[in-house]
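Working notes for the structure below.
The values are calculated or read from the model by the stated rules, or taken from the named source; none is laboratory data. Note that the structure is a prediction, hence the values are computed from the model and not measured. Positions of Cβ are backbone-derived with ideal geometry, glycine not excepted, and every protein chain shown enters the neighbour counts. Accessible surface is based on the protein model in full, side chains and every heavy atom, while ligands, DNA and RNA are left aside. Shrake-Rupley method; radii C 1.70, N 1.55, O 1.52, S 1.80 Å.
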Amino acid sequence: MYNPNKTDAGSEPGAQYLARMWREGLEMPSNLTIDEWADQHRYIAGGMSPIAGKWITDRMPHLREIMVALSPSHPCTDVTFMGSSQTSGKSDTLINFLAYHVQHDPDSMLVVMPTHKQIKRFSKRFDRNAEATPLLREALRPRSRRDANSAELKEYDGGMMYFGSAESPTDLASVTCRIVAQDEVDRYPQDLEGEGDPTILADARTTNYKSRAKRYKCSSPTVEALSRIDRYFKLGDQSYRYVPCPHCKEMQRLVWEGVKWPDGKPKSAHYVCQVNGCVIEEHDKAKFLGNDVAEWRATHPERSLFHRSFQISALYSSLSLGKSWGDLAQEFVDCKGEKNKLKVFINTRLGETYVDNDEKVDWERVKERAEKYPLRLAATRCLLFTAAVDVQKDRFEYLIVGWDRDRRCTVIDHGVIMADTGRLESFEMIADYLRRPIETEFGTCIIPDIALIDSGYLQHHVMQFTRAHRGDRWYGSKGSSQRNAPLIGKPRKVEVMINGKADRFGGEQYAIGTDSAKDFVYANLRGDAKRDNPQERQFRFSEQLGDEFYRQLCIEVFDPHKQRYEKPPGSRNEALDLMVLCVAAAHHTNIRMDKMRDTDWDARMKLHGQGRTLDLLATLGGAIKPEPVLVTPLSGSLDGLKALMSRQHKSTPSKL
């Protein structure tokens, strides 16, 4: 292969130069592993690390086996590295991996970062290290005027290095490569603009290379329910670092439970052997961190030929690099009483997922609180009714809830209407459903006071439909990504096309504070777990609701790093979205449940039959059942509402 230390064409005869270049082009690269190549050739640029100059793997000995697994000579195709921030060496391993395949075993590569900003930052860091490493600098030297290395593309003999953002589906498409490296995967979006998990999209770029491919993922983890790096770690052989106690020689993992310190003196922390209780001091690290005594042990060695996965914490930091046990103990003490700080400590220092039993709502526990009442029969306590509709490609999903004077919520109905939603006439199925009366225990019938229809999909159809039904209080809505936004904001005008022409009045689209509504829903679902009396619960559910409803309702978890709610890839959350809309609808300016007084609730009670329950009438009249009376707080005459009732007979259950 090309050697920059040899003479160039100007120092030897042309024929001799061409013969030598031909011969060197046919030479196979030496069989170096990545760690061996880095030890021989890599230099660290000044300002890029606490220790600049020649790279020495033994400063972070745990990286050697990881880099061996990343080398072409190792049979595995996937390597996952879950570790602490700054001290584990994830980024340096990534740089060595890329540099090796630029200079020693060149091939095309895709490097994925969470954002475009981080692409520029990492690319600059890689360039600085390339300038400090002679062989790498020469490999990236432009060969012609057309060669132009940039932050997002680097060319070299034998391949190209593409950079892509996990936020852009186009960055992850139309690229075929043997090597894919993905950094900080827990900071990627869970679903990339409806196209799926970005890590899977990136890995698909290596399909044609089969067993020759190498896929590297590294990150510090986040909360357990959302951590992508933790899921990939568990798919691999789950290797942990074992070190010998310098006193009794028993092999063991370093775990946080072993760090102890005198009361009030966290800086004096030491480690207690988990086997025999020996006291291990910070300076003893030199005796047990080296590869001559320490080793990686796989929990599932049968997977090692295909997928190596590694986990390590800052407890393994060497004496010259990273945090001491005393530094970590002080950080831990500073986290007391502050849950968010503790999350960061566990994720970034211990390299472990944060398990918060209060963060994830258990759908099975919510289902256990279901009550024996039929759907589409509103209890006497329910006096205000809000509805929500979610539009999907092949169906409408709906939810109706009732609210009592204590502003507690009861699910009245939930279901799915299969339809070709791309056809505007299919929306009449929603109209028929929203007009279908719901019987109450008063013996009366009601229709929802208000309905919000999500316009995130097929916005034009939704806005055209709601524009025509503004008098029914059916409104288009769209979720807001702003944290702490109001439950429902002021409407904005959206263009609506009617018969091919823009309606001059347009449609009203309401911004929904989805995170604020989810805060309300999840906080009360967690609170309801502590309320034994159903009458005191904020949310009440019918036993007729299926398991999938509860799964979807409880699927999301708040990610403290991204400051937003996330759902695991491939999961559905329509039930949660519908509940969010029902909560928001109750705070619409035409409803304002939060401002309603006792007199307002009394007026609604009077409308719903003045307390005449079906059970009472049954006892007085035997089999006589009162004629249902349609009532609604909406404006309009009773005759008009009865006309709506008669229209609903045109749609049969088979259509819905």
Scan of the range 519-551 for residues that are over 18 Å from ILE412 (Cα atoms) and either among the small types (Gly, Ala, Ser) or open to solvent by less than 20 Å² (accessible area, probe 1.4 Å) (or both), ordered by number:
TYR522, ALA523, GLY527, ASP528, ALA529
Which of (1) closer than 22 Å to GLU428 by Cβ; (2) surrounded by 17 or more Cβ atoms within 10 Å (Cβ to Cβ); (3) at pLDDT below 95 does ASP394 not meet, given it meets every other one?
(2)
Is one or more of the residues making up the range 110-132 open to solvent by 20 Å² or more (accessible area, probe 1.4 Å), part of a loop (DSSP other than H, G, I, E, B) and more than 27 Å from PHE233 (Cβ to Cβ)?
no
Name the residue, out of VAL333, VAL366, that is in contact (Cβ under 8 Å) with a residue 40 or more places away in the chain and either aromatic (Phe, Trp, Tyr) or surrounded by fewer than 16 Cβ atoms within 10 Å (Cβ to Cβ) (or both).
VAL333
On the basis of being small (Gly, Ala, Ser) and either assigned to a strand (DSSP E or B) or surrounded by 22 or more Cβ atoms within 10 Å (Cβ to Cβ) (or both), does ALA151 make the cut?
no
Pairs, first among the basic types (Lys, Arg) in the range 524-551, second in a strand (DSSP E or B), C-beta under 8 Å, six or more apart
ARG540/GLU371; ARG540/CYS409; ARG540/THR410; ARG540/VAL411
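Per-residue answers, yes or no, for (1) among the β-branched types (Val, Ile, Thr); (2) at pLDDT 95 or above; (3) buried (at least 20 other Cβ atoms within 10 Å of the Cβ); (4) out of contact with any Asp or Glu (no Cβ under 7 Å at 6 or more places or on another chain):
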{"residue": "THR7", "(1), (2), (3), (4)": "yes, no, no, yes"}
{"residue": "SER11", "(1), (2), (3), (4)": "no, no, no, yes"}
{"residue": "GLN16", "(1), (2), (3), (4)": "no, no, no, yes"}
{"residue": "GLU27", "(1), (2), (3), (4)": "no, no, no, yes"}
{"residue": "ASN31", "(1), (2), (3), (4)": "no, no, no, yes"}
{"residue": "ILE44", "(1), (2), (3), (4)": "yes, no, yes, yes"}
{"residue": "GLY47", "(1), (2), (3), (4)": "no, no, no, yes"}
{"residue": "ILE51", "(1), (2), (3), (4)": "yes, no, no, yes"}
{"residue": "ASP58", "(1), (2), (3), (4)": "no, no, no, yes"}
So ALA468 passes all but one of these: (1) among the hydrophobic types (A, V, I, L, M, F, W, C); (2) out of contact with any Ser or Thr (no Cβ under 8 Å at 6 or more places or on another chain); (3) open to solvent by less than 10 Å² (accessible area, probe 1.4 Å). Which condition number does it fail?
(3)
Using the structure shown, decide if ASP263 is out of contact with any Leu (no Cβ under 7 Å at 6 or more places or on another chain), modelled with pLDDT of 95 or more and assigned to a loop (DSSP other than H, G, I, E, B).
no
Looking only at the range 397-430, and only at residues there that are in contact with a His (Cβ under 7 Å, 6 or more places away or on another chain) and assigned to a helix (DSSP H, G or I), the one that is least open to solvent (accessible area, probe 1.4 Å):
PHE427
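One line per residue, one yes/no per condition, for (1) farther than 23 Å from ALA387 by Cα; (2) of a type in the set (D, E, K, R); (3) modelled with pLDDT of 90 or more:
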residue: ILE512; (1), (2), (3): no, no, yes
residue: SER516; (1), (2), (3): no, no, yes
residue: LEU525; (1), (2), (3): no, no, yes
residue: ASN533; (1), (2), (3): yes, no, yes
residue: ASP547; (1), (2), (3): no, yes, yes
residue: GLN552; (1), (2), (3): no, no, yes
residue: GLN563; (1), (2), (3): yes, no, no
residue: SER571; (1), (2), (3): yes, no, no
residue: ASP577; (1), (2), (3): no, yes, yes
For the range 345-359, which residues satisfy the criterion of being open to solvent by 40 Å² or more (accessible area, probe 1.4 Å) and either out of contact with any Asp or Glu (no Cβ under 8 Å at 6 or more places or on another chain) or within 30 Å of GLU439 (Cα to Cα) (or both)?
GLU352, ASN357, ASP358
Given the criterion of a type outside the set (Lys, Arg), modelled with pLDDT under 95, assigned to a helix (DSSP H, G or I) and open to solvent by 10 Å² or more (accessible area, probe 1.4 Å), identify the matching residue among LEU342, LEU321.
LEU342
